[in-house]
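Data block below; observations after.
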Amino acid sequence: MRGGAAGQWAGGGSPLLAGVPLLLVALTGFGAAWLVGGRALRAVAAGLLVPVLAAALLRPVAELRPSVLLLAAATVALGMAAAVRLLPAAAGAAVDGGGGWRTGPRAGALFVAAGTAQVTVLITIGLAVAAVGRSLPPWGGAGTGPDLRWGWQLAPAVALAIGATVLLLPRNTRTVLATAGAVAVLFAVPAAWTASWPQVVAIDLVGGVALLLAVLARPSTPPVALRTRALGGAVVLGHGLLVALAAPAGALVALGVLAVVGLALAVRRGAGAYREVAGAGLLVGQLALPGIAAVAMFAAGGPPWWQARLALAAAGLSLVAALAARRHRVELIGYAVTGGVAAVTVPGLAPLVGAGDEPLALYAALAALGVCWLPSASASGQAALGDRPAADGRESARSTLLLAAGGTLATVAVLAALPTVLTALVSPYGGGNRVWSGVPTVVADPTVLPVGFALVVLAVAGALAGRRVGLPVPPALPFVAAALPVLLIAIGAPWPVLPAAVLLAGLAALLFTALAAARPALTPVAVPVGVVLGASGVLGLLATRAGTLAAEGALLVAAVAVAAGARRFEVRVAGCLAAVGAAASLAVTAPLAAGLPLRAAAYPLLAVAGLVLAAAAVTPARVRLGRVLDATAQAVALVAAVLAVEAARHLATVCVLWGVAVALRLLRRGEPAGRRWAFAGIAAGSELLGGWVLLAAGGVTVLEAYTLPAAALAVGAGLLALRTRPGLTSWPALGPGLVAALLPSLVSVLAGADPQPWRRLLLGAAATGAVLAGATRRWQAPVLLGGGVLTLLALHELARGWDLLPRWIYLGVGGLALVGLAATYERRRRDLARLRAAVGRLS
């Protein structure tokens with residue numbers, strides 16, 4: 001036996017001596033470097049000696065006991081690190097030339113330790129990820145871990161390798177590495193046996209809580225160590241939560257631990273880095289509360305909609321936590337606000353991803369209300385946070401977060417509720433109802449009740465958001481207005497309650513805006529809301545004749561109130577125009593409702609025009625509103641005339657009556673001359689039109705019956721203008737009237753086939769009278785126009801009598817005229833020149 005053993009030791013194949021040759025080579029190189037090398041070469045040789053020594057020590061283990069190689073490698077790494085630590089840091093100059101003993105071996109030992117730690121940590125991470133993968137998809141259960149023969153070595157190997165690394169690195173890195181090592185060890189422990197997922201979860205939860213309890217117990221720990229421990233605990237607890245997704249009960253336990261630990265961290269007071277840890281804990285606790293509620297309901301077998309409802313209710317506890325932070329821990333308000341926003345946003349959008357048939361509008365509206373309810377830090381609390389500019393920056397960031405989250409949730413709620421609101425405003429009783437089709441059938445629709453509640457919630461949220469800037473009403477008003485018809489449809493309010501309520505609400509908004517003091521922020525919101533509600537109410541009341549008349553009457557009363565009581569001129573003008581429109585609509589609708597033809601509405605419409613004209617007459621002349629009313633009255637009278645155009649006598653009556661009304665209008669004292677002229681022209685034109693209509697209706701075909709009245713009006717206006725305007729000439733004053741009086745008859749005489757002796761005679765007499773009157777008054781237009789007509793008539797008569805007399809008579813008369821003209825040529829030239837001068841002197 002002894003001889004055989006000696007032979008085995010002496011043989012070259014002994015496993016115990018497998019690494020000796022490599023070690024001898026390394027020692028030879030180290031000795032040579034020590035004898036002849038410099039400082040750097042000695043350090044490199046010493047550093048290489050350590051890995052070679054480790055390999056020499058591990059080679060027999062790999063040959064004889066490969067199952068414990070992992071643990072042996074970690075042990076060797078720790079032993080090398082400890083041995084290097086025992087070396088002196090420096091030696092005398094006579095020994096090493098002034099260098100140190102530890103530099104090279106330390107680098108080699110660090111290479112061994114870090115390599116071993118890296119291998120073990122990578123194995124641990126792979127196993128941890130595999131544990132999470134076995135638990136996914138959620139609620140599907142998970143199998144046991146792998147059966148690894150070497151698995152029991154992993155946790156001690158990780159601990160030894162990281163311990164060795166810690167010994168070789170600077171002191172300020174030890175805390176970070178120690179925490180990372182603790183996390184890795186916790187992940188590696190389940191590899192020692194075929195651990196089930198509850199065992200993995202239990203290890204993670206216990207280890208994570210232990211790390212965070214260390215943070216909780218010593219909040220004054222240096223910042224790096226504190227943050228590292230908190231991060232390590234969060235990683236371990238997060239891993240435990242992911243593995244616990246294998247079953248609802250496990251997820252519920254993990255979420256409960258997260259909530260309790262997070263809120264415990266938030267309750268403990270501390271300064272510096274612990275404030276960040278406490279804020280993160282508060283945020284995690286807030287986020288865990290809705291998850292706990294939803295998972296608990298799922299574990300109890302509740303349907304999806306109850307899970308969503310309970311989660312949304314539990315999100316309210318996150319809001320309570322934010323309020324508590326504002327009162328007791330104002331330095332954590334930023335984390336509390338962020339956690340509250342996230343906690344209510346996810347349940348608020350749950351119907352988008354599946355929560356049964358839950359109303360998205362109501363969920364999003366409640367979430368938006370929660371966001372608007374979240375507090376901001378007070379001024380004193382902000383001052384307690386330290387630097388005021390930094391505090392202001394954080395406050396601005398929180399406001400931006402609240403605005404973005406609240407705006408997004410409100411937008412989602414509005415988009416979800418919009419179809420229901422549009423249906424309630426445009427067609428609350430179905431799309432088949434026509435004008436005056438009768439009272440519609442009303443059936444309650446409870447399915448729209450959640451939308452109505454959502455709009456009410458949005459109104460409250462808008463009021464809360466607006467209160468922060470001192471304007472609670474404008475943001476809430478549109479939602480209140482939209483909620484009114486939806487809620488009335490939900491309860492089945494009988495007709496005409498819904499359209500009447502909507503109409504009155506719209507009119508109330510418009511009246512308040514018009515009559516109250518100016519509110520720049522309210523007007524852009526209240527006016528569109530009032531217009532939309534008013535239009536919807538009128539549309540709903542068109543179902544019956546009485547409803548239509550009542551709607552128009554309400555519009556008329558409201559418009560008159562605005563026209564009479566508004567403070568701004570523009571609003572009064574709008575009120576006047578609206579009042580005229582409502583009155584005109586009422587005047588047209590009333591006869592139609594009574595079964596009368598459309599032309600019967602001409603007289604009520606003319607009465608409306610007369611009232612508007614009277615209102616303009618009592619308005620002071622210096623106020624511009626009177627001009628608006630005058631123009632509106634003319635437009636209404638024109639519409640009345642159009643309605644009566646089918647019956648000539650009714651049209652003539654309308655024209656005559658309107659001419660009288662306008663003539664009375666111009667008699668107002670203090671009326672400017674220009675406006676008097678305009679009214680006179682309108683009155684005369686209306687009377688003339690009425691006369692023409694009557695003549696046409698009576699079958700009168702005499703041309704002068706139509707032209708002479710118009711010409712008389714024009715000549716009369718011209719004569720009045722000549723008296724009132726000294727610089728006016730006869731052409732613009734009398735020319736149009738004389739042309740209207742003479743030209744149509746002259747054209748009829750010249751172009752007509754009939755002899756028309758009386759027309760020729762009267763036309764000549766009228767032209768002669770015009771020439772005489774013009775010569776007497778020294779007016780050029782009557783003289784030239786009358787003379788021109790007489791000349792054309794004379795030529796016409798000559799042409800007519802050409803064939804009635806012998807030709808020699810014309811030759812004789814022409815010859816005598818030429819002889820007489822030649823004998824008196826010079827005198828005729830002087831007479832013609834005097835005539836031209838006399839005509840030129842006429843005005």
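The values are calculated or read from the model by the stated rules, or taken from the named source; none is laboratory data. Source: prediction; values computed, not measured. Glycine gets a Cβ as well: all are built from the backbone with ideal geometry, and neighbour counts include every protein chain shown. These area figures cover heavy atoms from the full protein model, side chains too; ligands, DNA and RNA do not enter into them. Shrake-Rupley method; radii C 1.70, N 1.55, O 1.52, S 1.80 Å.
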Residue that is nearest to residue 188 (Cα to Cα) [pool: residues in region 227-277 that are open to solvent by 10 Å² or more (accessible area, probe 1.4 Å) and outside any helix (DSSP H, G or I)]: 245
Test residue 304 against the criterion of being in contact with a strand residue (DSSP E or B) (Cβ under 7 Å, 6 or more places away or on another chain) and touching a residue at least 24 places away in the same chain (Cβ under 8 Å), and give yes or no. yes
Please tell me if residue 676 is in contact (Cβ under 8 Å) with a residue 24 or more places away in the chain, open to solvent by 30 Å² or more (accessible area, probe 1.4 Å) and not aliphatic (A, V, I, L, M). no
Among the numbered criteria (1) open to solvent by less than 80 Å² (accessible area, probe 1.4 Å); (2) at pLDDT 80 or above, which one does residue 838 miss? (2)
Exactly one condition in (1) open to solvent by 40 Å² or more (accessible area, probe 1.4 Å); (2) on the phi < 0 side of the Ramachandran plot is false for residue 436; which is it? (2)
Search result, residues across region 475-501 that are in a helix (DSSP H, G or I) and among the aromatic types (Phe, Trp, Tyr): 479
Hey, residue 599 closer than 27 Å to residue 542 by Cβ and modelled with pLDDT under 90 or not: yes
For the list (1) at pLDDT below 90; (2) of a type in the set (A, V, I, L, M, F, W, C); (3) within 30 Å of residue 697 (Cβ to Cβ); (4) open to solvent by less than 60 Å² (accessible area, probe 1.4 Å), I need the number of the one condition that residue 608 fails. (1)
Of (1) modelled with pLDDT under 80; (2) surrounded by 11 or more Cβ atoms within 10 Å (Cβ to Cβ); (3) out of contact with any Gly (no Cβ under 6 Å at 6 or more places or on another chain), residue 747 fails just (1)
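Residue by residue, here is whether (1) open to solvent by less than 50 Å² (accessible area, probe 1.4 Å); (2) of a type in the set (Ser, Thr, Tyr) holds:
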{"residue": "427", "(1), (2)": "yes, yes"}
{"residue": "441", "(1), (2)": "no, yes"}
{"residue": "456", "(1), (2)": "no, no"}
{"residue": "464", "(1), (2)": "yes, no"}
Let me spell it out: the conditions are (1) touching a residue at least 24 places away in the same chain (Cβ under 8 Å); (2) open to solvent by 50 Å² or more (accessible area, probe 1.4 Å); (3) not hydroxyl-bearing (Ser, Thr, Tyr), and residue 450 meets all of them except one. Which number is the exception? (2)
Among the residues of region 588-605, which ones are touching a residue at least 12 places away in the same chain (Cβ under 8 Å) and open to solvent by less than 40 Å² (accessible area, probe 1.4 Å)? 588, 589, 591, 593, 601, 602, 605
Which number in (1) closer than 27 Å to residue 202 by Cα; (2) open to solvent by 40 Å² or more (accessible area, probe 1.4 Å); (3) modelled with pLDDT under 90; (4) assigned to a loop (DSSP other than H, G, I, E, B) marks the one condition that residue 89 misses? (1)
Just to confirm my filter: which helices (runs of 4 or more DSSP H) fall fully inside region 691-807 and include at least 1 residues that are charged (D, E, K, R), without any contact (Cβ under 8 Å) to a residue 60 or more places away in the chain and touching a Leu at 6+ places or on another chain (Cβ under 7 Å)? 757-777
